[in-house]
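Worksheet: the structure to be examined is printed underneath.
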Amino acid sequence: MAAAVSSSSSNPGEDAASPSSADNGLPQAFSLDSEPRAGQIVKDGEEDFLTVQEGLAYILVPPNAPKAADPKDIASGKAQSQTVFYNEIMQYNRDLSVLAIRAFGEDLVEMKRARRERERKNEKSKQQKRIQRKRKAGAGNGTAEAELNTTSESVKGKPEEPAIEVREAQPERWLPSFTILDALSATGLRALRYCHELPFVTSVTANDMSPKATKDIARNIKHNRLTDKIKAVTGDARAHMYSLTGPEFPGSQKGKYDVIDLDPYGTAAPFLDASLQALNDGGLLCVTCTDTAVTSSIGYPEKTFSLYGGLPFKGFPCHEGGLRLLLNAISTSAGRYGIAVEPLLSLSIDYYMRVFVRIRKSPADVKFLAGKTMVVYNCDSGCGAWQTQYLARHTLQEGKKGSQFFKHTFAQAPSASPLCEHCGFKTHLAGPMYGGPIHNPAFVQKVLDLLTSLDKKTYPTMDRLEGMLQTALDETELYEPAPPEKQSKDDSTTSKAGYSKNNFVQLDHHPFYFSPSIVAKVVHCSAPSEAQIRGALRHAGFVATRSHAVRGSIKTNAPWKAIWHIMREWVRQKAPIKEGAVKEGMKGWKIMQKMSADEQDEASPKFEVVFDEQLGRDFDAGGKKLRRYQLNPRENWGPMARAK
């Protein structure tokens, strides 16, 4: 790991001030080779730069580059346009990426060491067997004895050489390679942080199509003294990644990458296919998409389909719908090459999505993809209920000799009526989208464990990281056990990277979330609190937790019939509505008509509804109040402007 850069004042003999800056009364300017410090002015040729620190890395930005501006002022010319030299709002993304890659990389490195040790032992065993075979063959024909006599005679008559003390060589600790591609690097900040903060990283490639950007990257690499670890490359990221699929040629990148990070402005869809082919088996793909106006809204369904192969989810759970569209695009692209994808962590954050997926070359696991792809019948214009349908199904069957195997068959269709069974309004189709687990519980827990060893000055977003990761971990309580998948001799429930892997057969039967205030609006009553609804669900035996994506959300394994039964009881027990408030033809009419029929209707849920707020409250461990959702850090914050 690169040493943390000291913030103490540098040697005056090394860092001479620029004469021009001193004459003009400006802050002292240091050379590019100076020891980096936050806030110092660095002179490179005729240009001056301000040093900005994030994590343990430093980047050089123009001193007067604006960090924020009102879009209206930019349009009217009153303010200078924002730039992408440095967007401090995305530090949360970069902090999260460092931790996720660290959690993944530590186990991958140990796996590589264990594999090398096995290979070394196997080779040693083979050598011993070869020696034993030669000895047996020599004992039969006297060859061994003859060779020994010949050797003894050959040394006779030679002058005796001085004795040399022979010491047994100490085995060197083998360092496995760990390579990262920052495919759309811009300033190279991610590449710099990966080298500074991840001790096992052996090399990072920082690629950008813009020659100006790669010039900036090279400058930042030199200033951080990482020229031996980071390589700046100018070119199309797709061409660079596709070049790794063919034979090597002089000057080309040797071998594929262990981690590829895609962080474009907008969608990452055009880069998915190439990145999957440039990763090593068992590698990690990190993807950011900032086009949530496409994935999580209804304004551009044709654009959503062309980029992600599915239609967006209209309604409150649209952000998780966007995540599942992205995961489906990655999975289907990988499946063409016999690559199975396992989401380790999938988050909807502010105005973007960030997913971390592990890939594995396994045509057998790819067979489960159709059974993990779903469409959603969504009552977006009515009560907001939804129903999922998987495109295929896989069932565990027993063979003639007692062996078990999965049979992949077609799913029955349609599984839902064109009209919502709860309110009678029309439903619309969303998807296809990914229908498996979007988090790996063991991986999320490992990232959480890493937080305890961090310095808050280096990772100022630590509080929010802990809150969001804990909320994501809580979501995994809804995952149901899956049938055991067939294991190869080389496989186990522990992944090649060392932590438990999700079963590729496993489905997420309870995706999405709802809001108590929105369902209360349907039946025109005052809204219950989150704790009251969670308490009622848990008292009835259901699992209820939050979603990381939206404040005020509830995820549960309760069916919509149970949710509406609880809301009718809320009206009956706590919040009576005025007569005539819900009229025929309104969203809540059909739902409320079942209030009197609940006792007679056999299909209606039969459980006692108790709004137990104490049971519904979630107390954070140790009495610590977690920051689960983002607070606006400043005015006019967001993705900033596209690079020119």
I'd like to know if segment 331-339 contains one or more residues that are more than 17 Å from L507 (Cα to Cα) and assigned to a strand (DSSP E or B).
yes
Consider A79 carefully, then state whether it is surrounded by 15 or more Cβ atoms within 10 Å (Cβ to Cβ), at pLDDT below 95 and of a type outside the set (S, T, Y).
yes
Just give me the residues in segment 296-315 being buried (at least 22 other Cβ atoms within 10 Å of the Cβ), touching a strand residue (DSSP E or B) at 6+ places or on another chain (Cβ under 8 Å), farther than 16 Å from T388 by Cα and modelled with pLDDT of 95 or more, in sequence order.
T304
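Listed here are the residues, each with its yes/no results for (1) farther than 30 Å from G585 by Cβ; (2) in contact with a helix residue (DSSP H, G or I) (Cβ under 7 Å, 6 or more places away or on another chain).
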residue: S333; (1), (2): yes, yes
residue: S348; (1), (2): yes, yes
residue: R354; (1), (2): yes, yes
residue: N378; (1), (2): no, no
residue: F410; (1), (2): yes, no
By residue number, the members of segment 332-341 that are under 14 Å from P437 (Cβ atoms) and crowded, with 22+ Cβ neighbours inside 10 Å are V341
Considering residues of segment 455-465 that are touching a residue at least 60 places away in the same chain (Cβ under 8 Å) and part of a loop (DSSP other than H, G, I, E, B) only, the residue most open to solvent (accessible area, probe 1.4 Å):
P460
Pairs needed: first member in segment 418-432, free of Cβ contacts under 8 Å to residues at least 12 places away in the same chain; second member anywhere, open to solvent by 40 Å² or more (accessible area, probe 1.4 Å); C-beta distance under 8 Å; at least 6 residues apart or different chains.
P418/K426; L419/F425; L419/K426
Only listed residue being surrounded by 17 or more Cβ atoms within 10 Å (Cβ to Cβ), in a helix (DSSP H, G or I) and of a type in the set (D, E, K, R), chosen from R130, R94:
R94
Take the residues of segment 371-408 that are part of a loop (DSSP other than H, G, I, E, B) and in contact (Cβ under 8 Å) with a residue 12 or more places away in the chain: which is most open to solvent (accessible area, probe 1.4 Å)?
L391
Hits in segment 187-219 (condition: more than 24 Å from A100 (Cβ to Cβ) and either among the hydroxyl-bearing types (S, T, Y) or assigned to a helix (DSSP H, G or I) (or both)):
S210, P211, K212, A213, T214, K215, D216, A218, R219
Selection from segment 36-53 of residues that are surrounded by fewer than 18 Cβ atoms within 10 Å (Cβ to Cβ) and hydrophobic (A, V, I, L, M, F, W, C)
A38
Hey, A549 at pLDDT 90 or above, in contact with a helix residue (DSSP H, G or I) (Cβ under 9 Å, 6 or more places away or on another chain), buried (at least 22 other Cβ atoms within 10 Å of the Cβ) and not in a helix (DSSP H, G or I) or not:
yes
Would a scan of segment 279-290 turn up a residue that is surrounded by fewer than 19 Cβ atoms within 10 Å (Cβ to Cβ) and on the phi > 0 side of the Ramachandran plot?
yes
When D350 is run through (1) in contact with a Phe, Trp or Tyr (Cβ under 6 Å, 6 or more places away or on another chain); (2) modelled with pLDDT under 95; (3) of a type in the set (D, E), the failure sits at (1)
Residue selected from segment 332-355 under the condition of a type in the set (G, A, S) and in contact (Cβ under 8 Å) with a residue 60 or more places away in the chain, by the criterion nearest to R551 (Cα to Cα):
S348
Right, E145: at pLDDT below 60, open to solvent by 50 Å² or more (accessible area, probe 1.4 Å) and either among the aliphatic types (A, V, I, L, M) or not in a helix (DSSP H, G or I) (or both) or not?
no
If I ask for residues that are outside any loop (DSSP other than H, G, I, E, B), exposed (fewer than 12 other Cβ atoms within 10 Å of the Cβ) and modelled with pLDDT of 85 or more, which ones from segment 602-635 would you list?
Q614
Residue by residue through segment 28-47, note down the ones that are out of contact with any helix residue (DSSP H, G or I) (no Cβ under 9 Å at 6 or more places or on another chain) and of a type in the set (G, A, S).
S31, A38, G39, G45
Tell me, yes or no, whether segment 522-538 has at least one residue that is closer than 18 Å to M433 by Cβ and surrounded by 20 or more Cβ atoms within 10 Å (Cβ to Cβ).
no
Identify the residue in segment 316-327 that is in a helix (DSSP H, G or I) and out of contact with any helix residue (DSSP H, G or I) (no Cβ under 7 Å at 6 or more places or on another chain) and, among all such residues, is most open to solvent (accessible area, probe 1.4 Å).
H319
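The values are calculated or read from the model by the stated rules, or taken from the named source; none is laboratory data. From a predicted model like this one, the values you see are computed outputs, not experimental measurements. With ideal geometry, Cβ positions are generated from the backbone for all residues, glycine too; neighbour counts draw on all protein chains shown. Each accessible area value is taken on the protein alone, full model and side chains, heavy atoms only, with ligands, DNA and RNA left out. Shrake-Rupley method; radii C 1.70, N 1.55, O 1.52, S 1.80 Å.
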